[in-house]
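Comments concern the structure below.
The values are calculated or read from the model by the stated rules, or taken from the named source; none is laboratory data. None of the values given here were measured: they were computed from a predicted structure. Here the Cβ is made from the backbone with ideal geometry for all residues, glycine too, and neighbour counts use every protein chain on show.
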Amino acid sequence: MNRQQLFEIANSWFTNQDWKPFPFQKDTWKAFLQGKNGLLNAPTGSGKTYALWFPIVLNYIKQNPNYKTKHKKGLKAIWITPLRALSQEIKQSAERVVTDLETQMTVGIRSGDTTTKTRAAQKKQMPDLLITTPESLQLLLATKGYDKIFKDCQAIVVDEWHEILGTKRGVQMELALSRLKSICKKLRIWGISATIGNMEQAREVLLGPASKALENSVLIKANLNKKITVKSIIPNKMETFPWRGHLGLHLLEYVVPIIKNSRTTLLFTNTRSQCEIWFQKILEKHPEFAGEIAMHHGSINKETRIWVENAIRNESLKAVVCTSSLDLGVDFAPVETVVQIGGPKGVARFLQRAGRSGHRPGKESVIYFLPTHAIELIEASALQKAVKHNTVEDRIPYLNSYDVLLQYLTTLAISDGFYPNKIFKEVSETFCYQAMSEDYWQWLLNFLVMGSQSLQSYDEYKKVEIEEDGKFKVNNRGVAMRHRFQIGTIVGDVNLTVKYQKGGYIGTIEEYFVSKLNKGDVFTFAGRNLEFIRIKDMQVHVKNSKKKTSKVSSWMGSRLTLSAQMSELLRNELYSSGEAMENQSVEIRSLAHIFERQRRESIVPQPDEFLIETFKSRDGHHAVFYPFEGRFVHEAMGSLLGYRISLLSPITFSLAFNDYGFELLSDKPIDMQQVLDNNLFTTDFLLDDLQKSLNATEMARRKFRDIAIISGMVFTGYPNKGIKMKHLQSNSQLLFEVFRDYEPDNLLFQQAFTETFEHQLEEGRLRLSMERIATQKIIWKQCEKPTPFAFPLITDRLSRERLSSEKLEDRIRRMAALLMK
Amino acid sequence: MTHPIQIKEESFQLHYSGALFWENQSLLMMSDVHLGKISHFRKYGAAVPQHALLKNFETMDVAIAQFDPKHVVFMGDLFHSSLNKEWELFEDWVGQKKMQLTLVEGNHDIISPVKYEALGITITPEFSLGNFFMTHHPEEREGQFNFSGHLHPAVRLTGLGRQSVRLRCFYKSSVQMILPAMGEFTGSHTMAVTKECEVFAILGDTVLPVQVHGRKA
């Protein structure tokens, strides 16, 4: 069959559905059938799955002309999805294609949810089309004889590549692809990504820089030009609108008419606990919604989630309160309206969420922005501009993640073993490890085999062995078993299963939250009031309770920050507050009284001004700085400045950050004049100072935790049987200290610092903003009390960092009192 | 370096290593050394820096040199887990010691008592002397004072400007004293502090009595 005939098959299928293929779909079919690799830039719900399932199936038809009567078995294509929750949806669309085209192809899913029975069956006979996650793909590489499973595979599609790209799962994907390229002779690699700033780089990371695969590839853009309307919810009485807070419940009544006037509404919250609270409160205030609204977040059990997703599809729900769990996949045509509660922190995310509404091609998307505190209205205004100008941020890929590489090498060693020369060549062709030297490679091999760089006496280190022919292999079953349990680079807090005492799975919850509960405590989770009974074998046992409670389950792992692009827009909006009313956006205008108060007590900085405020409170001496550069840059700048000030005289700081500025709090006053006289904002010795400031804070320590787990130095335990988080936490903490004291040149220890630098602190952005500040006039205001700008910062009690140049003894002598709770 | 205290009219010295010395009996208590822990981790594929294991022997030597005791009592969890090559280092270490050695068994001590006895170490669930008794797990007994370990006690100190710091400590109530863990690669547990207890924090090479003031009891 020639290409024209194949296209005919696809076109007539579309005609039968009363659809017409989009140009981007046809372009993708063509490129795929020509044997090209590529990156498809298409948003969720645009028909992107059909853009790639079709050519995969058509290719099979082409190679097997008697496809209707004969079935050629074996794996032909792999579809990678970052969320296993999406796999059902993807499977359905694949099944539709293979059945309607009368092939006998089979479709299967392999993920953490797949039963042992199905896995075993798959091992004997893989489905033709396999839908899986990056972790499960690694697990397949940990299977003996994996090369036979993959050898006839002709395509791998990495869906939602933008979500995976900037994470260590992205690195994991790069490594898996580097192996598959060698095993599968006719492999086509495709990625699907929503719009991000660094589209070209995304393609390069997927296919490998300077690779043949990249040479033979295309970038296809869907260009659907969807119209998006953003509406801010502005309270009638701005005077009583709070200055801080993150829940936004004050505006609950404004949401009710939106829900009522729309077919289906999605309310996006930023955290799972916020999601729980909103759901609870809507029902409390408006019981008439009972049965018509639901909740969806990543910690709720799968059955409930699937039920909610189906209910959205068949329009039996008026509204769903959700988190990023509904950001991806799942085509919800009936969704008419989207409400974003609190700042989305990034334009791409906001656009993606907006795109959840008016999902049908050509329809307008409507998104409401609901601010949770007054200052967030500035962000709302900035978002309007961002949407108008289509400003989108980059996703930064990781470089030199030695932890992921060690994990990968161990994976290969437990299946069929590996020969270093061959694998080094593959690995050095990936984006992540393109600059890795042979010395470092040798270091990693030594580490795998000896647990150090030379043989030591009294040592019994055991992991990977070198066999006589030079093959690296794990022969110890215990090592192999522990490693299999540990594959996966998403390291969050340890999750515990929440179950009724009598049985019945409710969801998962982070140990850090559970650790605060006592027997008999009642907390809200998954929309229910539950009484805590005990923790046993990584399970939280609970029973239903009628008691009222203010304890809402919370999760740590979801802190977001403003991107560089958003920050700039935000500053511009702020500056506009000084302009004539008619030049201001409605959001900025509504904040007039706050700006007025800020001006009365301090100033609202203009483009050429940099504001510092100092004041004293019961907590100590506060110094607040406002670069308006986003949380991460503030973390870096705060540590840097804190470090430089601490060189002037011994002092200890508690640091707080948000997207607008940072605070240095200490028990004695800072001599601000001296700070200004000594030009502490200089970019001279920036790198050096930043590095030293890192040693003075805890940031690298926290990064090390993930590295220790990924590289297999800390064992997270068996599912349902593991050691508690407390052991894990103290282990990686202890480990950090032992490395610091005994092996500070260890590559994994060093990696903790590099990562903090590149991914946490965004050193590049820091330099740019310091340069900007250098051109500004510094205005130091000594205030009586916290200003409207300072208020959200100084009240942050949770996420503080510490920095000290004092001798511990001196600090403790001053802490004369041990305060009790 | 050391801090003197009186309990039931007997004199004791608290040492910054975490060891506790009973003057009249010339008896040195050391708790939760967890020898073999680093080797145990390495044996299971976790590459903890191996050099760190020598530190445990050095720490014990420092404490012994300070007091030159006639009797050393290990307060349990002397070895972290099953036998490994660190035992050979321990054998050499014991070989150089002249004093009496006693091990009060802890929950981690699963190595056969025969091995200890072969080195001349007496192994016992608890050890009593006069009004004092030593156990691994903290216990309370009428009219008796208890020395124990097991908990790896630490204390959190707080101050102005939202500062706080955690230190290993000796934790004393009217009926018992819990010793800090001496081992290098061992964690610690933050104790709740009440008005009834006394806390001696370890800060570098000093032992610092902590004043316990309460906002409310």
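As an exercise: evaluate residue B:155 against (1) within 8 Å of chain A (Cβ to nearest Cβ); (2) farther than 20 Å from residue B:60 by Cα; (3) assigned to a loop (DSSP other than H, G, I, E, B) and give the number of the one condition it does not meet.
(3)
Could you grab me the full set of residues in the range A:650-672 that are surrounded by fewer than 18 Cβ atoms within 10 Å (Cβ to Cβ) and either under 34 Å from the mean Cα position of the chain (by Cα) or in contact (Cβ under 8 Å) with a residue 40 or more places away in the chain (or both)?
A:650, A:668, A:669, A:672
Any chance the range A:478-488 includes a residue that's over 33 Å from the mean Cα position of the chain (by Cα), within 12 Å of chain B (Cβ to nearest Cβ) and at pLDDT 75 or above?
No, because not a single residue in the range A:478-488 is over 33 Å from the mean Cα position of the chain (by Cα), within 12 Å of chain B (Cβ to nearest Cβ) and at pLDDT 75 or above.
Here is a list: B:167, B:208. Which entry is assigned to a strand (DSSP E or B) and either touching an Asp or Glu at 6+ places or on another chain (Cβ under 9 Å) or more than 9 Å from chain A (Cβ to nearest Cβ) (or both)?
B:208
Out of (1) within 10 Å of chain B (Cβ to nearest Cβ); (2) out of contact with any Gly (no Cβ under 8 Å at 6 or more places or on another chain), what's the single condition that is false for residue A:453?
The single condition residue A:453 does not satisfy is (1).
In the range A:65-139, which strands (runs of 3 or more DSSP E) lie fully inside it and hold 1 or more residues that are within 27 Å of residue A:308 (Cβ to Cβ) and touching a residue at least 40 places away in the same chain (Cβ under 8 Å)?
So the answer is A:77-80, A:129-132.
Say whether the condition of being assigned to a strand (DSSP E or B), in contact (Cβ under 8 Å) with a residue 40 or more places away in the chain and touching a Pro at 6+ places or on another chain (Cβ under 8 Å) is met by at least one residue in the range B:178-190.
yes
I need a count of the residues in the range B:82-99 that are in a loop (DSSP other than H, G, I, E, B) and either away from chain A (no Cβ under 13 Å) or surrounded by fewer than 19 Cβ atoms within 10 Å (Cβ to Cβ) (or both).
The number of residues fulfilling the criteria is 7.
Does residue B:62 satisfy being more than 14 Å from chain A (Cβ to nearest Cβ), within 26 Å of residue A:736 (Cα to Cα) and in contact (Cβ under 8 Å) with a residue 24 or more places away in the chain?
Judged against the criteria, residue B:62 is a match.
Residues checked against (1) within 33 Å of the chain's Cα centre (by Cα); (2) closer than 30 Å to residue B:202 by Cα; (3) modelled with pLDDT of 70 or more; (4) more than 12 Å from chain B (Cβ to nearest Cβ):
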residue	(1), (2), (3), (4)
A:770	yes, no, yes, yes
A:779	no, no, yes, yes
A:782	no, no, yes, yes
A:789	yes, no, yes, yes
A:797	yes, yes, no, no
A:807	no, yes, no, no
A:811	no, yes, no, no
A:820	no, yes, no, no
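What is the number of the single condition among (1) away from chain A (no Cβ under 14 Å); (2) of a type outside the set (Lys, Arg); (3) within 25 Å of residue B:123 (Cβ to Cβ) that residue B:3 does not meet?
Failing condition for residue B:3: (3).
Of these, A:364, A:376, which one is touching a Gly at 6+ places or on another chain (Cβ under 7 Å) and within 20 Å of residue A:574 (Cβ to Cβ)?
Every option except A:376 fails the conditions.
Could you list, ordered by first residue, the pairs with Cβ atoms under 6 Å in which the first is in the range A:26-48 and assigned by TED's automatic domain parsing to the domain that holds residue A:154 and over 24 Å from residue A:358 (Cα atoms) and the second is modelled with pLDDT of 90 or more and of a type in the set (Phe, Trp, Tyr), at least 6 apart or interchain?
Short answer, once both residue conditions are applied: A:29/A:54; A:38/A:190.
Across the range A:434-462, which residue is farthest from residue A:474 (Cα to Cα) among those that are within 30 Å of the chain's Cα centre (by Cα) and without any contact (Cβ under 8 Å) to a residue 60 or more places away in the chain?
Among those that are within 30 Å of the chain's Cα centre (by Cα) and without any contact (Cβ under 8 Å) to a residue 60 or more places away in the chain, it is A:435.
Considering (1) at pLDDT below 95; (2) over 31 Å from the mean Cα position of the chain (by Cα); (3) not in a loop (DSSP other than H, G, I, E, B), say which one residue A:50 fails and leave the rest.
Of (1) at pLDDT below 95; (2) over 31 Å from the mean Cα position of the chain (by Cα); (3) not in a loop (DSSP other than H, G, I, E, B), only one is false for residue A:50: (2).
Checking residue A:467 against (1) surrounded by 14 or more Cβ atoms within 10 Å (Cβ to Cβ); (2) more than 28 Å from residue A:134 (Cβ to Cβ); (3) touching a strand residue (DSSP E or B) at 6+ places or on another chain (Cβ under 9 Å): exactly one of these is not met. Which one?
(1)
Considering the range B:104-128 alone, what residues qualify as being exposed (fewer than 14 other Cβ atoms within 10 Å of the Cβ) and farther than 25 Å from residue B:144 by Cα?
B:110, B:112, B:114, B:117, B:118, B:120 - these are the residues of the range B:104-128 that are exposed (fewer than 14 other Cβ atoms within 10 Å of the Cβ) and farther than 25 Å from residue B:144 by Cα.
Which condition breaks for residue B:193 when tested against (1) surrounded by fewer than 14 Cβ atoms within 10 Å (Cβ to Cβ); (2) modelled with pLDDT under 95?
(1)
Looking only at the range A:625-649, how many residues end up being within 14 Å of chain B (Cβ to nearest Cβ) and surrounded by fewer than 24 Cβ atoms within 10 Å (Cβ to Cβ)?
2
Would you point out the residue of the range A:318-345, among those that are in contact with an Asp or Glu (Cβ under 6 Å, 6 or more places away or on another chain) and more than 28 Å from residue A:131 (Cα to Cα), that is modelled with the highest pLDDT?
At the first step, the residues of the range A:318-345 found to be in contact with an Asp or Glu (Cβ under 6 Å, 6 or more places away or on another chain) are A:318, A:328-330, A:334, A:343.
From the residues that got through so far, the ones that are more than 28 Å from residue A:131 (Cα to Cα) too are A:318, A:343.
Details: A:318: 91, A:343: 79.
Filtering the range A:318-345 for residues that are in contact with an Asp or Glu (Cβ under 6 Å, 6 or more places away or on another chain) and more than 28 Å from residue A:131 (Cα to Cα), the one modelled with the highest pLDDT comes out as A:318.
I'm trying to understand the selection: among the residues of the range A:145-194, which are assigned to a helix (DSSP H, G or I), acidic (Asp, Glu) and under 22 Å from residue A:219 (Cβ atoms)? Before the answer, list the steps.
Initially, the range A:145-194 is screened for residues assigned to a helix (DSSP H, G or I), giving A:146-150, A:161-165, A:168-183.
Going one step further and asking which of them are acidic (Asp, Glu), we end up with A:147, A:163, A:174.
A:163, A:174, listed by residue number.
Among the residues of the range B:38-57 satisfying the criterion of being in contact (Cβ under 8 Å) with a residue 40 or more places away in the chain and either more than 10 Å from every other protein chain (Cβ to nearest Cβ) or over 29 Å from residue B:135 (Cβ atoms) (or both), which is surrounded by the most Cβ atoms within 10 Å (Cβ to Cβ)?
Within the range B:38-57, the match that is surrounded by the most Cβ atoms within 10 Å (Cβ to Cβ) is B:48.
Go through the range A:53-64 and count every residue that is part of a helix (DSSP H, G or I) and without any contact (Cβ under 8 Å) to a residue 12 or more places away in the chain.
Residues flagged as part of a helix (DSSP H, G or I) and without any contact (Cβ under 8 Å) to a residue 12 or more places away in the chain within the range A:53-64 amount to 1.
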